[in-house]
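The values are calculated or read from the model by the stated rules, or taken from the named source; none is laboratory data. Computed from a predicted structure; not experimentally measured. Note: ideal-geometry Cβ built from the backbone for every residue, glycine included; neighbour counts use all protein chains shown. When the accessible area is computed, the model is the full protein with side chains, heavy atoms only, and any ligands, DNA or RNA have been set aside. Shrake-Rupley method; radii C 1.70, N 1.55, O 1.52, S 1.80 Å.
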Amino acid sequence: MPTAYPPAAVFERIDVRELQQKTRQELIQRLEQESPAVKSAVTTSGSEEAVLQQAALQQRERMLEALRRAPVSGRLVVHLRPGQKDFQGSADDIELRAGDTLEIPKQPGFVVIVGQVYNSNAISYAPGKNAGWYLSRAGGATGLANKKAIFILRANGSVSSGGGDVWSGGILTAAVGPGDTIVVPEKSSFGSNTWKNVVAIAQIAQAAALAAAVAIP
């Protein structure tokens with residue numbers, strides 16, 4: 001079909017879905033048992049530390065809820081190219097199994113911006129514009145945003161990330177394609193690397209679910 005957009009192809013596999021579900025459930029169980037510990041400064045008063053601890057607990061509940069609610073798709077990232085030049089025999093030429101599904105949608109006419117921005121929205125795709133341009137159209141990042149952790153969930157399901165903030169470039173200088181989702185994560189309320197990874201995983205799950213919902217005609 002002339003309107004088909006291979007770069008946004010969705011390839012799903014049953015055993016991948018089962019593995020993702022198992023991994024997700026194990027992560028949720030581990031987080032439910034973990035008690036968030038806030039690193040506070042020496043000068044932090046008892047009342048201030050209590051507020052920080054409460055914020056950490058609230059963030060944990062938001063992330064857990066996001067993980068519980070986000071659907072598990074079983075998606076495998078494949079890179080389909082228009083005309084399928086050099087596709088046969090490539091790493092993306094995957095042998096099909098019973099139960100596999102492949103959906104090739106029409107080209108999306110939008111880019112989604114979600115997370116800690118002033119106006120989460122789907123913005124009309126403008127060829128040649130970078131992530132920073134779309135972020136500015138969403139009102140920019142809020143004070144709760146982790147600007148160094150901004151990432152792009154591509155239409156094909158892959159993730160692009162990179163260091164830098166709004167002023168120094170980084171991922172914000174990256175080109176954005178139709179159907180991509182720009183995610184601006186919130187700052188972690190407590191500082192363990194495990195928790196920072198959990199926040200990122202939850203944000204990716206939320207972004208994928210929202211992008212799929214927006215794409216439904």
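On full extension, the segment bounded by SER90 and ALA4 gains 28.8 nm, given 0.36 nm per residue less the C-alpha separation.
Applying 1/(1 + (r/R0)^6) with R0 = 41 Å to the Cβ-Cβ distance of LYS187 and SER124, what FRET efficiency is obtained, to the nearest 0.05?
Once rounded, the FRET efficiency stands at 0.90.
For GLU48 and THR23, FRET efficiency with R0 = 25 Å and r from the beta-carbon atoms, rounded to 0.05? According to the calculation, E is roughly 0.10.
Rolling a 1.4 angstrom probe over segment 98-152 with all protein chains present gives an accessible area of which 51% lies on carbon and sulfur atoms.
Cut-off under 15 Å on the C-alpha distance; same-chain residues fewer than 8 positions from LYS147 excluded. Which aspartates and glutamates are left, in chain and number order? Within the straight-line cut-off, LYS147 pairs with ASP165, GLU186.
Working note: Karplus 6.51/-1.76/1.60 with θ = phi - 60° gives segment 16-25 the couplings 5, 4, 5, 5, 4, 5, 5, 5, 4, 5 Hz, where Gly and Pro are set to x. Accessible area per residue was computed with a 1.4 Å probe on protein heavy atoms; LYS22 scores about 120 Å². Annotation: THR173 carries an accessible surface of approximately 90 Å², with a 1.4 Å probe and no ligand, DNA or RNA atoms counted.
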